[in-house]
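Asks: Quick one: the structure is below, and I'll ask about it shortly.
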Amino acid sequence: MDEFLLRALAAGLGLAAVAGPLGCFVVWRRMAYFGDALAHTALLGIVVGLLLGTSPLAGVVAVCVAVALILAGMRRDGRLASDSLLGIMAHGALALGLVLLSAMERVRVDLMGWLFGDILAVSWEDAALVWGGAVLVLGLLAAHWRCLVAMTVDEDLARVEGHDVGRGRLVLMLLVALSVAAAMKVVGVMLVTAMLVIPAAGARRLARTPEQMAGGAVLAGALAVSLGLGGSWHYDTPSGPSIVVAAVGLFIASRLMPFRSA
Amino acid sequence: MSPDDLVRLTGVSVAFRGHAVLDGVGLRVGRGRIVTVVGPNGAGKSTLIKVALGLIVPDRGTVERDPAAVIGYVPQRLSIDRTLPLSVRRFLAMALPGGGDGRNLEESLDLVGAGHVMARQMADLSGGEAQRVLLARALVRRPDLLVLDEPVGGVDMAGQAELYDLIAGRAHDQGIGVLMVSHDLHVVMAATDEVVCLNRHVCCAGHPETVSRHPEYLALFGPRVADSLAIYTHAHDHGHLADGSVRPLDPGHVHGPECRHG
């Protein structure tokens, strides 16, 4: 096997490890639109990164985190960010990012790579960065797991029982923001949410506990990355979309399995 | 706050978007006392409960709670997303810091007459079953203060009386303070020590009188159930204008259309 494929596999599996459990929260808490909004806004992050002369990925992470903080603040205000508001923000930011990128004449950006992922171009450094981030994200997730599950069940109940729901919400938003930034590198802006939602949804039917679903989502994501990359190599198809197609295939397969009853 | 008080509200006012929901409300719940809040829709009952729990910070007024008191809270309803795999056992165990041992959980579920649902998934429960599980979850915490927002919603008539009996028994035997909301003015449990009639302000507060063994109640519910039912009688110290605002009582007091507690 070629080395670039191994690098891609390493980065993709690192992403699957965080996208699994975080994707579960995105599904449980109906945050898919939030993930989309983050991903689309992240395109602006590339512009910011280029303008500041840092790496585009650093700009993406910074913008994702900033947007997550803004959205978390809006929710705490009680003025809930409505679907349409998120939509306006997401697509407005995406469009603005595209306009600004094309206006920056002096730099050439691989726009297709950012929109649809460029996992075959990742370096060992990138893969190490993804795994380092994954360890950090999973550690934070494990530390807050009880609180996050409790507030997913009912936020008022969680607060009465002594969980710090405000902090939990912030942690979750930040972790989703970080995983969106990582997923952008792998499957691209347009398919980030797919990487979070589809493996989690596929694991739902086979799970009896939140932990089983999170673990199943990791496995489904890892399988989708492996199958997608294999297919991409074999049939010379774009890698990001191939991974998502594999994930959708696994999801459909899970729906065809008999439902596990009590 | 006297040492016997678990929670005490003084002059609490809350407004949402300039619309007054609570206006100068006072309330106290002591150990072993059952305080029931009744009132029409939109009277601010749930808001009052949330203020007492510390979930809503009032615009004016003070809320004092015994900081050592363990609180068991039963929200009006629980909407657990179907995508979250969660067994009843796990849901109950989540209420305890250590997860609790199996016997505890089983006992509390048996107590509310829902022992058979232990292995089921939360999302598969009927409304009445879910409500019983919620009550069991509040009880398993061995609370000092029970806060119940329409705890028997969706429970059948005979079951309602049983659950009210259970709550009253717990309160009086174990010295648990109970703050409870009921939208049904005419059916307030006999064991309620104090009824607070709320219509944004406290219309009146007083002791309910146990209904005598009225033949129609006996015929309708049977003698056992009738014991649990009481008609709330009280004397007004003020009157109401058509908009629900207070006016001094005159001899010919007529209730306003919003004041359905007469």
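Asks: Report the Cα centroid-to-centroid distance between region B:60-89 and region A:184-249 in angstrom, as an integer.
Replies: 35
Asks: Counting only other chains, and only Cβ atoms inside 10 Å, what mean value do you get across the residues of A:155-165? If you can, show how the numbers build up before the last one.
Replies: Details: counts 2, 10, 12, 1, 5, 12, 10, 3, 1, 0, 1.
So the per-residue partner count for this stretch is 5.
Asks: Of the peptides A:52-58, A:131-137, A:167-173, how do they stack up when ordered by the mean number of other Cβ atoms within 10 Å, highest first?
Replies: By packing density, highest mean first, the sequence is A:167-173, A:131-137, A:52-58.
Asks: Please give the length that would be gained between A:Glu125 and A:Ser84 if that part of the chain were fully extended, namely 0.36 nm times their separation in residues minus their C-alpha to C-alpha distance (nm, one decimal).
Replies: Values: separation 41, 0.36 × 41 = 14.76 nm, distance 3.85 nm.
Using 0.36 nm per residue and subtracting the Cα-Cα distance, I get 10.9 nm.
Asks: So, in nm, how far is label A:Met112 from label B:His19 when the simple model puts each one 7 Å beyond its Cα toward the Cβ?
Replies: Simple spin-label model gives 5.4 nm for this pair.
Asks: Need one number: nm distance between label points at B:Glu106 and A:Leu5, each 7 Å from Cα along Cα→Cβ, rounded to one decimal.
Replies: Each label point is offset 7 Å from its Cα along the Cβ direction, giving 5.5 nm.
Asks: Taking the number of other C-beta atoms within 10 Å as the exposure measure, put A:Cys24, A:Cys147, B:Cys204, B:Cys197 in order starting with the fewest. Could the numbers behind the result be given before it?
Replies: Details: A:Cys24 32, A:Cys147 20, B:Cys204 17, B:Cys197 24.
Lowest to highest Cβ neighbour count: B:Cys204, A:Cys147, B:Cys197, A:Cys24.
Asks: Estimate the FRET efficiency between B:Thr10 and A:Leu51 by the formula 1/(1 + (r/R0)^6), using the beta-carbon distance for r and 41 Å for R0, to the nearest 0.05. Numbers along the way, then the final one.
Replies: Values: r = 55 Å, r/R0 = 1.35.
Computed FRET efficiency for B:Thr10 and A:Leu51 comes out at 0.15.
Asks: Related question: Shape of region A:3-256 from its Cα gyration tensor (a ≥ b ≥ c, root eigenvalues): rounded if a/c is under 1.5, otherwise prolate when a/b > b/c, or oblate?
Replies: On the way: a/c = 1.77, a/b = 1.15, b/c = 1.54.
Oblate shape, in that a/c is at least 1.5 and b/c is the bigger or equal ratio.
Asks: Counting partner chain Cβ atoms within 10 Å of every residue's Cβ in A:25-34, what's the average?
Replies: Working: counts 1, 0, 3, 7, 3, 2, 0, 0, 0, 0.
Other-chain Cβ atoms within 10 Å of each residue's Cβ, averaged: 2.
Asks: Dividing the convex hull volume of the alpha carbon atoms of region B:82-142 by its residue count, what do you get in Å³ per residue? Numbers along the way, then the final one.
Replies: Values: hull volume 4.3 nm³, N = 61.
Once divided by residue count, the hull of region B:82-142 is 71 Å³.
Asks: If you average the alpha carbon positions of region A:84-153 and of region A:12-35, how far apart do those two centres end up, in angstrom?
Replies: Region A:84-153 and region A:12-35 have Cα centres separated by 12 Å.
Asks: Among rounded, prolate and oblate, which fits region B:43-190 when a ≥ b ≥ c are the square roots of the eigenvalues of its C-alpha gyration tensor, a/c under 1.5 means rounded, and a/b larger than b/c means prolate? If you can, show how the numbers build up before the last one.
Replies: Values: a/c = 1.43, a/b = 1.31, b/c = 1.09.
Judged from the Cα gyration tensor, region B:43-190 comes out rounded (a/c under 1.5).
Asks: Under the definition of partner shielding as Cβ atoms of other protein chains within 10 Å of a residue Cβ, what is the mean value for peptide B:84-96? Don't skip to the end; give the middle numbers.
Replies: Details: counts 13, 15, 9, 3, 1, 1, 6, 3, 0, 0, 8, 4, 1.
Neighbouring Cβ atoms belonging to other protein chains average 5 per residue here.
Asks: Please give the peptides A:109-117, B:137-145, B:80-88 ranked by average Cβ packing (other Cβ atoms within 10 Å per residue), highest first, as a rough proxy for protection.
Replies: Values: A:109-117: 16.9, B:137-145: 21.7, B:80-88: 19.1.
Highest to lowest by the protection proxy: B:137-145, B:80-88, A:109-117.
Asks: Could you calculate the FRET efficiency of A:Leu136 with A:Thr237 from 1/(1 + (r/R0)^6), where r is the beta carbon distance between them and R0 is 35 Å, rounded to 0.05? Show your work: numbers first, answer last.
Replies: Details: r = 32 Å, r/R0 = 0.92.
After rounding, the FRET efficiency stands at 0.65.
Any read-out appearing in this document is the output of simple, stated calculations on the displayed coordinates, not a laboratory observation. What you see is a predicted model, and the numbers here were worked out from it, not measured in a lab. We place every Cβ from the backbone using ideal geometry, glycine too, and count neighbours over all the protein chains shown.
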